[in-house]
Structure formats: structure tokens, C-alpha cells
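The values are calculated or read from the model by the stated rules, or taken from the named source; none is laboratory data. Given the structure is predicted, the values throughout are model-derived calculations rather than measurements. Don't worry about glycine lacking a Cβ; one is built from the backbone with ideal geometry, like all the others, and counts go over all protein chains shown. Ligands, DNA and RNA are excluded from the accessible area calculation, which covers all protein heavy atoms including side chains. Shrake-Rupley method; radii C 1.70, N 1.55, O 1.52, S 1.80 Å.
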Amino acid sequence: MAKIQILFVCLGNICRSPAAEAIMKHILEQEGMSQEISVDSAGTGPWHVGQLPDPRMRSHGLKHGYHIDSIAWQFKPVDFDRFTLIVAMDDMVADDLRGMARSPYDLHKIVGMASFLRHHPMNNIVPDPYYGRAQDFELVIELLEDACQGLFEHLTSHRRQGRF
């Protein structure tokens, strides 16, 4: 089977999407699935291209055992060709991605991160903590841990059924 390639996307690629990338990598390593599933992260905007993630997100991630250290880059329409699944952190990001889609096939790859939440039914997005306080970064880590585990379960279930 082909390797599943997941891209997590937020606005600037310095808070939510690199945290999701680090958390998912951690899950994949624990489950011995790093060879079957790869992950990356990107932003829809150019503001932070080439930068490390926000120091606050890196600090909160480290408290949970995650090394959030990817370098920010901006999503381009050609990136639809590289990834199996493109996971948007909120509705605005999903709308931006849909606007870049070149075909129904591209559109089919876009999913919302909150759709994989298992223990937070009241959340329909992963909120942007950038202008928030420490507890906002902690909430994002908590939501992403839940959603990444849900995504992992979704992927392994679909993989067994031959859908990926």
C-alpha cells in the first residue's frame, strides 16, 4: 500500500498545525506506524515562512513531551498533489484551502481537524491561540491530542478496509 501523507494546515504555520504535526508524529512513533504514515504542516498565509513555531506553543508542547520544531511554509495549490489528506484547523482555513482546490479530487482531500475530536463534542474547530493566553495554548494541545488520536484511529480503520 502507498504511504499516507497528511498535511495539517492553519493560518501561519506557527501554532496549531506544527503542534498537530508533532503530536501526530509522536502517536505514529508510539504505534510503529511512521513508515506507513507521514505528516507535515503548512500555513495558508506567508507571514511566518521560514520561522520556527511560536515560542509559547513550543514551550507548552515541551511540557507535554512534544518537540514542536518544524519550519513554517506556505501551502500552494500544487501541494494537493503531494498529500493524501489535508487537515484544516478551522473553517476559515478550510475555506482558503477550498478556494485553492483545482478539482473535485483536491476538494475531497480537505477535512476539518475537529471532525476527529472524540472527547470534545462542543468544539467544531481548533481555535487559534496566537492572541490568547497560556490556557489557550493548553486547550489547543488538549484538543490536538484528542483529534490526532481520533485521526489515527480513522486512518488505521480505513487502511484495514483498503480505502487508503
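Considering segment 50-63 alone, what residues qualify as being open to solvent by 60 Å² or more (accessible area, probe 1.4 Å) and under 17 Å from the mean Cα position of the chain (by Cα)?
Of everything in segment 50-63, those that are open to solvent by 60 Å² or more (accessible area, probe 1.4 Å) and under 17 Å from the mean Cα position of the chain (by Cα) turn out to be 52, 58.
Go through the residues of segment 55-62 one by one and say whether even a single one is within 23 Å of residue 135 (Cα to Cα) and part of a strand (DSSP E or B).
no
Only one residue in 39, 78, 9, 93 is of a type in the set (Val, Ile, Thr), within 22 Å of residue 139 (Cβ to Cβ) and out of contact with any helix residue (DSSP H, G or I) (no Cβ under 8 Å at 6 or more places or on another chain). Which one?
The unique qualifying residue is 93.
What residue, among those in segment 7-37 that are part of a strand (DSSP E or B) and surrounded by 24 or more Cβ atoms within 10 Å (Cβ to Cβ), is farthest from the chain's Cα centre (by Cα)?
Per the criteria, the residue is 10.
Could you say whether any residue in segment 78-89 is hydroxyl-bearing (Ser, Thr, Tyr), more than 17 Å from residue 129 (Cα to Cα), modelled with pLDDT of 95 or more and surrounded by fewer than 17 Cβ atoms within 10 Å (Cβ to Cβ)?
Scanning segment 78-89, I find at least one residue that is hydroxyl-bearing (Ser, Thr, Tyr), more than 17 Å from residue 129 (Cα to Cα), modelled with pLDDT of 95 or more and surrounded by fewer than 17 Cβ atoms within 10 Å (Cβ to Cβ), so the answer is yes.
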